[in-house]
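Q: Let me give you the structure first, and then I'll get to my questions.
Please treat every number below as a calculation from the coordinates, not as lab data. Since the model is a prediction, treat every value here as computed from it, not as a measurement. Here the Cβ positions follow ideal geometry from the backbone for every residue, glycine too, while neighbour counts run over all protein chains shown.
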């Protein structure tokens, strides 16, 4: 039983990382229906910017986090302007290929600039381990978990309660109608990218601290997992991304803990496919009737 | 449409194909195509086959698949396993046939439930299928796990490669132009309307998917005998993405477009080889720039027709596109819009 | 039709122009380098490239080989077997190099090995340590060599070290399932450890994309007592596992292969306090009193801006092995160089004295290093 609970903790802590990345993924998707393959790489950029701000500029963590989020957010907007905006009227698959191009570009540009070596993150957050009824927690796990929850709530508030959020929701439903209603579509989309990218950056810096290692390819696998998490929970739905992230973290840990690590990805995908077959728009997704 | 196979159009294509074959064969024999260019040429051929086969699924039928490399790996491993005990052409063909059968079976099992999904959900499900295939291969004894199979006999030759490229494109073109293909195109255009017209959409979607998987497994078999070594990671999501890039780049729905895209990307990869690390950056930028300027792909949805090949307009348009590309018109527009606040 | 011809002609001209650019005058000795510069294994390929650059510069500054300057041609395998095959074909047939160094990992080396044999150009991998890189188990590949010792050898070394020096009787093994390197090492370690009278209480595997090992570490802790933990992997993940194991309260000695060797191990583990009681086998130790090793460490640190790893040391040796072979052959004919390379006798490199056995594997000693607070505290030489 103790082992099971410990594995639950392990699972939730991985899950909160997936959830953090998935939040930005699902948000960008919700607004412009773009599978932003480069999102995982924005997370990588966030980790690098965070590392540079902590090591080169000697910023304390409380300043490094917002600084990283701003820098990466701006980068996200620039990428959107240059690479995605010209394609807004094209097919979605063309935009997808562009996103793949952006992803390759970011990976290789960072690899070229920073070198392919592994960088390590200085321990800016204290990591203390403490026991609680025989269960082991550490402060970094809790920090990540709490950050994920807080960011999700914040995001939910922005989307549901603010004027900007209303603009986002209207753009998500119908861009042309939103335009007619006086919503500045371009600016709303830019803002979405800014928020989405800065969320990824937050995830990047936290994960950088937690695993204290970063490399140019670190974004690809978690990015893919986060996408799966977002689809799992119902893509475009903010709490869905959260649930999806935690679900995948837990499944992976339980398969590793009680079966074999080698099959954990396969099990995740099998469960994903089953979920989609039973509920084609994800756990929290609404099934829309097709109309002619 | 046409009731005789040997009409003028098909005959011209046949003559073009055959003369192309002999031209390359001649160039190889006199040593103009050196062994190195031959390797590049085989890469182009393999990815042309893969691109065309995925195009049948994505471009013709409109079903988004991100797991194509999985079917390729089935073919590659079947061929490699059979070649271990029969290191000759018979073994290769037997292995490819077995791979094709397994691929057909797996794709059918996978397609029936998953093809009910739409768009991005289908994409992620097929991605999952590709990964599952990879993980299963990774954990099997006969496939030798992560180490993969090495020392696969090198049996590839230009006639063999050409034969498979030719039949893949020909079968795919026939698929597209047949009644089945037209049903598939109608599904792509509007699934509900096609259903209302009495088309059994599931059946045609599954058929297209199985057809694509079959061809991909053949390409996998050829891959195994061209590159000596296969490993599960060779056939991961990255490879599926590479194939997808070829399809979109060439133009979705244009089979000849995929072939052209494979050639263009193969040459880009080759020409920039001495640049080592810079190559991938240039490749990435090329993808972005080309998609911005030609989001519909090189050939759009149209096929390279004989008329187009012999028409001046084609080259005029290509030149126009090239000028656009050099002057970076669209880019300047996009960049200029940065910082401009209010736009309606 | 005429226009098509013009188009084709232009294309051919451009292509031939490109090849013309790369070919140089006959006064140099061309060495091909085919390593991982991008992709997952770039972490291993990049330091090798830097070491090769250093060695080539040193050789050229000292007057080159046979009075000719050395020119290294670098190609990137992209960590892809097909690309590696294509690169070696180009190096052998287009660039007409004397010999090839590469690749950094076993997989891409094995993909290129048949090509090197076919075009009869010697190929020397600095770090492809899988047993089947230089032979298929029954016949040796006549043109493929390596500078490092092979996995079975170091697996045995570490197992013996654990049983005798550490006095361990119960071992837990964890390793990556995605690389032959890790899988082979795990099996060989377990076999040898049991042969020595010990028991392996648990074996766990994970994939290369993992960064969180808490699930399997928790599982290990519940599998029973063990007094040594063997991690079969490279520093990238081994460092993380060390850190996470220590945080999870696993305090037994941790042993590992040459992959542990990395300037980043401490940072990966999350602090020097976690890197105690760690032992690994490697190719060279920074504690070495050998002047050549000291010089190499100083020169590499100055030119590359980072401390050398075993990979850079091996790549550096690879260049000098080729130099020796070319000088012994007194020729730049790849076939003659190959014969000389095969006959290489008592080559003194910074990773030890090298002689090839009949499988083209170097017979050389391994070093077991102990880390205390992340620093190398002692080095034990283990001879084959």
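Q: Only bridges with both residues in chain C count here: give the DSSP antiparallel percent, nearest 5.
A: 35 percent
Q: For a label point 7 angstrom out from the Cα of residue A:55 toward its Cβ, which stretches of region A:118-152 have the backbone nitrogen within less than 14 Å?
A: A:118-124
Q: Each label point is 7 Å from the Cα along the Cα-to-Cβ direction; what then is the distance between the points at residue C:96 and residue A:146, in nm?
A: Modelled inter-label distance: 7.0 nm.
Q: Right, here's the next one. If you take each beta carbon of peptide B:38-44 and count the beta carbons of other chains within 10 angstrom, what is the mean?
A: Other-chain Cβ atoms within 10 Å of each residue's Cβ, averaged: 3.
Q: Counting only DSSP beta bridges with both residues in region C:80-221, tell me the antiparallel percent, nearest 5.
A: Restricted to region C:80-221, the bridges split so that about 10 percent are antiparallel.
Q: Given the convex hull over the Cα atoms of chain A, what projected area results after averaging over all orientations, in nm²?
A: About 16.6 nm², averaged over all directions.
Q: A further question follows. What Kirkwood Rh does region C:131-202 have if only Cα atoms enter the pairwise 1/r average? Answer in Å.
A: 13.3 Å
Q: Is region A:5-88 best put as rounded, prolate or oblate by its Cα gyration tensor, with a ≥ b ≥ c the root eigenvalues, rounded for a/c under 1.5, and otherwise prolate when a/b is larger than b/c, oblate when not?
A: Oblate shape, in that a/c is at least 1.5 and b/c is the bigger or equal ratio.
Q: With a 10 Å Cβ neighbour count serving as the proxy for reagent exposure, in which order, fewest first, do C:90, B:9, C:30 appear?
A: The order, fewest Cβ neighbours first, is B:9, C:30, C:90.
Q: While we're looking at this one, here's another question. Return one quarter of the surface area of the convex hull spanned by the alpha-carbon atoms of region C:151-282, equal to its mean projected area, in nm².
A: If you wrap the Cα atoms of region C:151-282 in a convex hull and average its projections, you get 6.7 nm².
Q: When chain C is modelled as a GNM with alpha-carbon springs shorter than 10 Å, which of C:238, C:310, C:272 fluctuates the most?
A: Among C:238, C:310, C:272, the largest GNM mean-square fluctuation belongs to C:272.
Q: Once label points are set 7 Å from the Cα along Cα→Cβ at both residue A:74 and residue A:258, what is their separation, rounded to one decimal in nm?
A: About 5.0 nm, to one decimal.
Q: Between residue B:305 and residue B:238, what's the calculated FRET efficiency when r is the beta-carbon distance and R0 is 35 Å? Round to 0.05.
A: The pair residue B:305/residue B:238 has a calculated efficiency of 0.55.
Q: While we're here: Fewest Cβ neighbours within 10 Å first, please rank C:88, C:369 accordingly.
A: C:369, C:88
Q: Then there's this: How far is helix C:151-160 tilted, in degrees, relative to the longest principal axis of the Cα atoms in chain C, given as a value from 0 to 90 rounded to the nearest 10?
A: 20 degrees
Q: Another one. Taking the mean number of other Cβ atoms within 10 Å as a proxy for protection, how do you rank C:319-328, B:61-70, C:140-149 from highest to lowest?
A: Going by the mean number of other Cβ atoms within 10 Å, highest first, we get B:61-70, C:140-149, C:319-328.
Q: Of all alpha-carbon pairs in chain B, indicate the percentage at a distance above 25 angstrom.
A: 56 percent
Q: In square nanometres, what is the average projected area of the Cα convex hull of region A:204-292?
A: It is 7.4 nm².
Q: Something else about it: Between helix C:235-247 and chain C, what is the angle of the helix's C-alpha long axis to the longest principal axis, kept within 0 to 90° and rounded to the nearest 10?
A: Relative to chain C, helix C:235-247 is tipped by roughly 20 degrees.
Q: Apply the a/c threshold of 1.5 to the C-alpha gyration tensor of the protein assembly as shown and tell me whether it is rounded, prolate or oblate.
A: Taking the square roots of the gyration eigenvalues as a ≥ b ≥ c, the protein assembly as shown is oblate.
Q: With no solvent and one equal point scatterer per Cα, compute the Debye intensity ratio I(q)/I(0) for chain C at 0.08, 0.10, 0.14 Å⁻¹ and report its log10, rounded to two decimals.
A: Values, matching the q order: -0.43, -0.64, -1.15.
Q: Please list, in order, the residues from region B:144-173 whose amide nitrogen is less than 12 Å from a point placed 7 Å along the Cα→Cβ vector of residue B:25.
A: Hits in region B:144-173 for residue B:25 at 12 Å: B:158-163.
Q: Hey, another quick one. Suppose R0 equals 51 Å. What FRET efficiency, 1/(1 + (r/R0)^6) with r the Cβ-Cβ distance, do residue C:223 and residue B:312 give to the nearest 0.05?
A: Plugging the Cβ-Cβ distance into 1/(1 + (r/R0)^6) gives 0.10.
Q: As an exercise, find the ratio Rg/Rh for region C:70-144 from alpha-carbon atoms, using the Kirkwood inverse-distance average for Rh.
A: Reported Rg/Rh, Kirkwood definition of Rh: 0.93.
Q: Also, quick follow-up: How large is the helix-only mean residue ellipticity at 222 nm for chain C, computed as the sum of -39500 (n - 2.57) over DSSP H runs with n ≥ 4, divided by its residue count, in deg cm²/dmol to the nearest 500?
A: -13500 deg cm²/dmol
Q: Same structure again: Could you work out the relative contact order of region B:53-96? I mean the mean sequence separation of Cα pairs under 8 Å and 6+ apart, divided by the number of residues, in percent.
A: Computed over region B:53-96, the figure is 28 percent.
Q: Could you list, bin by bin from short to long, the percent of Cα-Cα pairs of region B:145-233 in 5 Å steps?
A: Using 5 Å bins, I get a P(r) of 3, 13, 17, 16, 13, 11, 10, 9, 6, 3, 0 for region B:145-233.
Q: Shifting gears a bit: Using only atoms on other chains, find how many Cβ atoms lie within 10 Å of each Cβ of peptide B:143-156 and report the average.
A: Across B:143-156, the average partner-chain Cβ count within 10 Å equals 4.
Q: With an 8 Å Cα cut-off and a minimum separation of 6 or more residues, compute the relative contact order for chain A in percent.
A: Reported relative contact order: 37 percent.
Q: Once the Cα gyration tensor of region A:55-187 is found, what semi-axes does its equivalent ellipsoid get, as square roots of 5 times the eigenvalues, in whole Å, sorted largest first?
A: 35, 24, 14
Q: Can you tell me the length gained on complete extension of the stretch residue A:180 to residue A:92, counting 0.36 nm per residue apart and subtracting the Cα distance?
A: Length difference between fully extended and current span is 29.4 nm.
Q: For a quick check, take a GNM of chain B with Cα springs below 10 Å and name the residue from B:140, B:291, B:41 with the largest mean-square fluctuation.
A: With Cα springs under 10 Å in chain B, the top fluctuation among B:140, B:291, B:41 is at B:140.
Q: Please figure out what share of the DSSP beta bridges in the protein assembly as shown is antiparallel and state it in percent, rounded to the nearest 5.
A: 45 percent
Q: For region C:224-250 and region A:150-174, compute the distance between their C-alpha centroids and round to whole Å.
A: Region C:224-250 and region A:150-174 have Cα centres spaced 44 Å from each other.
Q: Across peptide A:212-220, what mean number of C-beta atoms from other chains lies inside 10 Å of a residue's C-beta?
A: Mean number of neighbouring Cβ atoms from other chains: 5.
Q: In whole angstrom, note down how far apart the Cα centers of region A:204-227 and region B:238-258 are.
A: A separation of 29 Å, based on Cα centres.
Q: With a 10 Å cut-off between alpha carbons and a GNM built on chain B, which of B:129, B:39, B:82 moves the most?
A: B:39
Q: Å³ per residue of the Cα convex hull, for region B:57-112?
A: 78 Å³
Q: Relative contact order, percent, of chain C when contacts are C-alpha pairs under 8 Å separated by at least 6 residues?
A: Relative contact order, chain C: 16 percent.
Q: Now for a separate question. Under the rule of -39500 (n - 2.57) per DSSP H run of 4 or more residues, summed and divided by the residues of chain A, what mean residue ellipticity at 222 nm is obtained, to the nearest 500 deg cm²/dmol?
A: About -24000 deg cm²/dmol.
Q: If you don't mind, there's one more thing I want to ask. For a distance above 24 Å, tell me the whole-number percent of Cα pairs in region C:281-384 that qualify.
A: 30 percent
Q: Can you give the FRET efficiency to the nearest 0.05 for residue B:14 and residue B:105, using r as the Cβ-Cβ distance and R₀ = 30 Å?
A: For R0 = 30 Å, the calculated efficiency reads 0.35.
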